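Engineer: One structure is given below, represented as structure tokens, and several questions about it will come after.
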Amino acid sequence: MSRIGYKEIDLPKGVEVSQDGNVVTVKGPKGTLSREISPLIKMTIADNVVKFDRDEDTNKLKMIHGTTRANINNMVEGVVNGYKKVLKLVGVGYRAQFKGQKLILTVGYSNPVEIDKPDDIDIKVPDNTTIELSSINKEHLGDFAAQVRSVRSPEPYKGKGIRYENEHIIRKEGKTGK
């Protein structure tokens, strides 16, 4: 059984964590993040260490305990280092462009697909087949990366589509004609 909820979070230099009721705010060199936590979890901040505790040992409360600790740890990591995801476009004629506030994907449909850029995510397109996404919010970054990937998910026969940088696509054999 995981005991991740009881692990302490050591705050790096320049990071402040504050709690106002159920809302936790984390301020750091890259920005500010806030999130609402469950009132059943008690959070204490002392000497640049954040600790979490619960009153009961029900399964639901154990899950909330570990998830809360992981979410706050991700917020601290985000305001210090930030997060980055890289997407690759694989396929003949597949390309990406970033113009203004729109990501334009040409991935085999009759018209290009345009996706609006969220406020808290930075998009870079170093070459036609690479998209670099970065943000301090891990949750929003993962959601947006999944949205971009879902425009043309990788297919198992030729491997064409939008995939994460280190993603391995399990290929199928297809018809052999015998």
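The values are calculated or read from the model by the stated rules, or taken from the named source; none is laboratory data. Here the structure is a predicted model, which means the values were calculated and not measured. Neighbour counts run over all protein chains shown; Cβ positions are idealised from the backbone, glycine included. We work out accessible area using only protein heavy atoms, side chains counted, and drop any ligands, DNA or RNA first. Shrake-Rupley method; radii C 1.70, N 1.55, O 1.52, S 1.80 Å.
Engineer: Distances longer than 19 Å among the Cα atoms of region 83-164: what percent of all pairs is that?
Structural biologist: Above the 19 Å cut-off, region 83-164 has 29 percent of its Cα pairs.
Engineer: Give me the net charge for the shell around Glu77: Cβ to Cβ below 11 angstrom, other residues only, Lys and Arg +1, Asp and Glu -1.
Structural biologist: Net charge in that neighbourhood comes out at +2.
Engineer: Another question, if that's okay. Out of the total accessible area of region 9-81 (probe 1.4 Å, heavy atoms of protein only), what percent is carbon and sulfur?
Structural biologist: Roughly 44 percent, rounded to a whole number.
Engineer: For the chain, build the charge dipole from Cβ charges (+1 Lys, Arg; -1 Asp, Glu) around the Cα centre, then report which of Ile169, Thr25, Leu61 sits farthest towards its positive end.
Structural biologist: Ile169
Engineer: Mean-square fluctuation check for the chain, GNM, Cα pairs under 10 Å: which of Gly82, Gly31, Gly100 is largest?
Structural biologist: Evaluated over the chain, the most mobile residue of the options is Gly100.
Engineer: Using a Gaussian network model of the chain with C-alpha springs under 10 Å, which one of Asp119, Asp127, Asp143 is most mobile by mean-square fluctuation?
Structural biologist: Largest GNM mean-square fluctuation: Asp119.
Engineer: Return the whole-Å distance between the Cα centroid of region 5-54 and the Cα centroid of region 65-112.
Structural biologist: Answer, in whole Å: 26.
Engineer: Tell me the per residue accessible area of the chain using a 1.4 Å probe; a whole number in Å² is fine.
Structural biologist: 63 Å²
Engineer: OK, next. Which is the longest run of the chain containing none of the GluC sites (Glu not before Pro) found in DSSP loop states (not H, G, I, E, B) with at most 16 other C-beta atoms within 10 Å?
Structural biologist: 57-164
Engineer: Translational diffusion coefficient, Stokes-Einstein: compute it for region 9-81 using the Kirkwood radius over C-alpha pairs as Rh, at 20 °C and 1.002 mPa s, and state it as an integer in µm² s⁻¹.
Structural biologist: Answer, rounded: 172 µm²/s.
Engineer: Under a 10 Å cutoff between Cα atoms, tell me which one of Val80, Val92, Val125 has the largest fluctuation in the Gaussian network model of the chain.
Structural biologist: Of the options given, Val92 has the highest mean-square fluctuation.
Engineer: Where does the charge balance sit around Asn48 when Lys and Arg score +1, Asp and Glu -1, over other residues with C-beta under 11 Å from its C-beta?
Structural biologist: Net charge in that neighbourhood comes out at -3.
Engineer: With all protein chains present, how much of the accessible area of region 83-164 (probe radius 1.4 Å) comes from carbon and sulfur, to the nearest whole percent?
Structural biologist: 47 percent
Engineer: Apply the Karplus curve 6.51 cos²θ - 1.76 cosθ + 1.60, θ = phi - 60°, to the phi angles in region 111-121 and return the couplings in whole Hz, x for Gly and Pro.
Structural biologist: Values, residue by residue: 10, x, 9, 10, 10, 6, 7, x, 5, 9, 10 Hz.
Engineer: Restricting to DSSP H runs of at least four residues, report the calculated mean residue ellipticity at 222 nm for the chain, -39500 (n - 2.57) per run over all residues, nearest 500 deg cm²/dmol.
Structural biologist: After summing the helix terms and dividing by residue count, I get -6500 deg cm²/dmol.
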